[in-house]
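Below you'll find the structure, written out as structure tokens, and then a few comments.
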Amino acid sequence: MYVAVKGGERAIDNAHQWLADERRGTLSVPELTIPQIREQMKLAVNRVMAEGSLYDPDLAALAIKQARGDLIEAVFLIRAYRTTLPRLAATQPIDTGAMAVDRRISATFKDLPGGQILGPTFDYTHRLLDFALMAEGEPAPAAPPTAPAPSAEPEPRVPHVTSFLNRDGLIEAAEPSDAWPPDLTREPMELPADRTLRLQALARGDEGFVLSMAYSTQRGYGRTHAFVGELRIGTVAVAVEIPELGFAVEIGEIELTECETVNQFKGSRTEPPQFTRGYGLVLGQSERKAIAMSLVDRALRWQELGEDFTGAPAQDEEFVLMHCDNIQATGFLEHIKLPHYVDFQAELELVRKLRAEAVAMREAAE
Amino acid sequence: MNAHALEGGFTEAPVQSARAFREILEAVARPGTIHRVQGARPPAPLSVAAGTALLVLTDPTTHLHLAGRADCPAVREWIAFHIGAPLAVAEEADFALGTWDALQPVSRFRIGQPEYPDRSATLIVDCDRLVNHGPTLTGPGIENATWLNLPETAAFDANRALFPLGFDTLFTAGDQIAALPRSTRVEAT
Amino acid sequence: MTQASPLSRKTWMATLAKAAPARLAALFPDLPPHAVLRQPEIGAVMVRGRVGGTGVPFNLGEMTVTRASVRLASGEVGHAWVQGRDKLHALRAAAVDALMQTDRADGLTAQVLRPLEVDARTHREIRAAKAAGTKVDFFTMVRGEDK
């Protein structure tokens, strides 16, 4: 068996060398730099941070480069790296009401305090390939608008839309609390899951899976009919209480996408007629994921809202939460390519034996 | 916070903690053997070995019970700065630290559950000295027999009877450390 | 000349943490003599959101963070917890935090902290101006029959 091990080692070393060559690609083409990926592939970086569940744009960019652009492989690298980091603290809950918004839209109210801000969106592009981006030498970017003189005024808060519906009691409230939430990165997830645990799982869940689950609710699998009450993308401050100081200090800023969906609701056995809410919150700019997350969040709330279980997959907590993590999914999926030689030999023997028995029985009957 | 509490942690955490962890692992794998660990300089009355064991084995998720004179402001502050372990009563502790007398009655400490025998407490018993004389130890990790100056045998005998449940014990003195996992049989000589 | 109000510790620690490492290094290149109480340590903090933006906290995802603590020869202790994995930046921020507790505070406020605050404000305002440019103004449409 030693011969087999040595042969394997040499093959693996050569495979790694070839992988490195393929990753680099044609040598006459300039090598990608981490800042290039971080700045110019920002939405890929965002996805890797969100699903890797670690906010660090440089690390995500590095993972994307190393993974040759395979984003799930990049997420794997980030998840692995994250296990080497000691958990120092939990932050104070971020205040999305204090977000410095880049983008903020509502499908439910046209005129709202703070206004509809489109931000750097793809929404109104024509989706035609822009061959100008293929040519070398893009035009120099427009000079930034001159900054107004620094003022002493604090930045105005952009209030959440749901606070208006809240005033008339038309929408269910989200009461503040300081409860300590469960953490599926520390304790195995057990079902039934608290809504906070479901949101944690969805926030780091595969965008494609969550998107499809959300789409299924719109096609009738689950009876929610959702409006985007508010979608906002921007930067929030992150603060941590420092044990040696006894007070909280801001330690940085992160970009977030938040989506609140408002859902028609005719009331149920236990709840009065109200609008109900779905909530999506994702690290980085990740609009599709945030909207999808809020739809799936709402679908999974059928029980606490006294609704019927229609058998829709998006209402099935076990189905959604057990399959939304793409690292767990690909881990188990890809393991079937590992050597199962002994297992298969056993299967082969069994099939041969069963066939021999069947033939013998047929001959005996004749 | 008392400035002294901010000192005495690892100066080279990756190397020092890996080395100390290895020694503690060896001690638990070979019960009764005495090893040396260093790196921590905790405030009194903690020994270097007890402080090092805390730095290596505890973190903000492990509930720690301080018993007797170990429960003093200087130690609490040192733990808060270097480790961040939440303090707990004996019944809820994952780790408990003190002299053998201060830790009594040890029947308060968690012994695990049938599905999760590991959800139990580890005692860190600070002693005056550790020598290989005294009650006889036999069992897994011990080739024939060894001896360790345990403070008593009755409590450990009773603990062994609970196997696979039970608490596990580390003994510390100065920079020395030895271990008595729940799987070891003890006999007064 | 008006006396600028003294910054609170929370405020200056936040300014230092959020500063671009290269910028802080340029404004404050030389660390004072110091003893290191906590070697710069890279770890993670769990970022929490609130359900519905205002409700129960939930765990959103982790963020890299570096923390360090130093003590000056004169005894003041400085701490820093900064987003990211820049050990030197954390050490530098801790050193400034310590110095802000000495009589160098006014000088540092003027030479280091105010410039950093201006940087941050300028960056925010540039971005806000861009966002404002994309704000939909429903009332600028002129209907043909109004002419």
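The values are calculated or read from the model by the stated rules, or taken from the named source; none is laboratory data. Computed from a prediction, not measured in an experiment: that's the story for all the values here. A quick note on method: Cβ atoms are made from the backbone with ideal geometry, for glycine too, and the neighbour counts reach across all protein chains shown.
Of note:
- When C:Ala132 is tested against (1) within 27 Å of A:Leu118 (Cα to Cα); (2) in contact with a helix residue (DSSP H, G or I) (Cβ under 9 Å, 6 or more places away or on another chain), exactly one condition is not met: (2).
- Among residues of region A:38-64, those that are surrounded by 20 or more Cβ atoms within 10 Å (Cβ to Cβ), more than 13 Å from every other protein chain (Cβ to nearest Cβ) and in contact (Cβ under 8 Å) with a residue 40 or more places away in the chain, counted: 1
- Scanning region A:231-242 for residues that are modelled with pLDDT under 95 and crowded, with 17+ Cβ neighbours inside 10 Å yields a total of 1.
- Options B:Asn144, B:Asn132; residue that is without any contact (Cβ under 8 Å) to a residue 24 or more places away in the chain and surrounded by fewer than 20 Cβ atoms within 10 Å (Cβ to Cβ): B:Asn144
- Residue within region C:66-84 that is surrounded by fewer than 21 Cβ atoms within 10 Å (Cβ to Cβ), at the interface with chain A (Cβ under 9 Å from one of its Cβ atoms), touching a Leu at 6+ places or on another chain (Cβ under 9 Å) and within 19 Å of A:Glu255 (Cα to Cα) present: no
- Selection count where residues are facing chain A (nearest Cβ under 7 Å) and either buried (at least 22 other Cβ atoms within 10 Å of the Cβ) or more than 20 Å from A:Glu253 (Cα to Cα) (or both), scope region C:33-47: 3
- Residue check for C:Arg23: touching a residue at least 40 places away in the same chain (Cβ under 8 Å), charged (D, E, K, R) and either surrounded by fewer than 21 Cβ atoms within 10 Å (Cβ to Cβ) or within 12 Å of another protein chain (Cβ to nearest Cβ) (or both): yes
- The set of residues in region A:42-72 being polar (S, T, N, Q) and closer than 16 Å to A:Gly208 by Cβ consists of A:Asn46 alone.
- Out of B:Ala121, B:Ala70, sole residue that is closer than 20 Å to B:His4 by Cα and either among the β-branched types (Val, Ile, Thr) or surrounded by 19 or more Cβ atoms within 10 Å (Cβ to Cβ) (or both): B:Ala70
- Tabulated pairs, region A:90-114, first part of a loop (DSSP other than H, G, I, E, B), second at pLDDT below 90 and crowded, with 22+ Cβ neighbours inside 10 Å, C-beta under 7 angstrom, 6+ apart or interchain: A:Ser106/A:Val161; A:Thr108/A:Val161; A:Phe109/A:Val161; A:Leu112/A:Val161
- Complete set of residues in region C:97-114 that are assigned to a helix (DSSP H, G or I) and either out of contact with any strand residue (DSSP E or B) (no Cβ under 6 Å at 6 or more places or on another chain) or on the phi > 0 side of the Ramachandran plot (or both): C:Leu99, C:Ala105, C:Asp106, C:Gly107, C:Leu108, C:Thr109, C:Ala110, C:Gln111, C:Val112, C:Leu113, C:Arg114
- Selection status of C:Gly52, modelled with pLDDT under 95, among the small types (Gly, Ala, Ser), surrounded by fewer than 21 Cβ atoms within 10 Å (Cβ to Cβ) and more than 13 Å from the chain's Cα centre (by Cα): no
- Summed over region A:52-108, residues that are within 18 Å of A:Ser286 (Cα to Cα) and among the aromatic types (Phe, Trp, Tyr) total 1.
- Boolean, B:Asp101 is among the acidic types (Asp, Glu), touching a residue at least 24 places away in the same chain (Cβ under 8 Å), surrounded by fewer than 19 Cβ atoms within 10 Å (Cβ to Cβ) and under 30 Å from A:Gly246 (Cβ atoms): no
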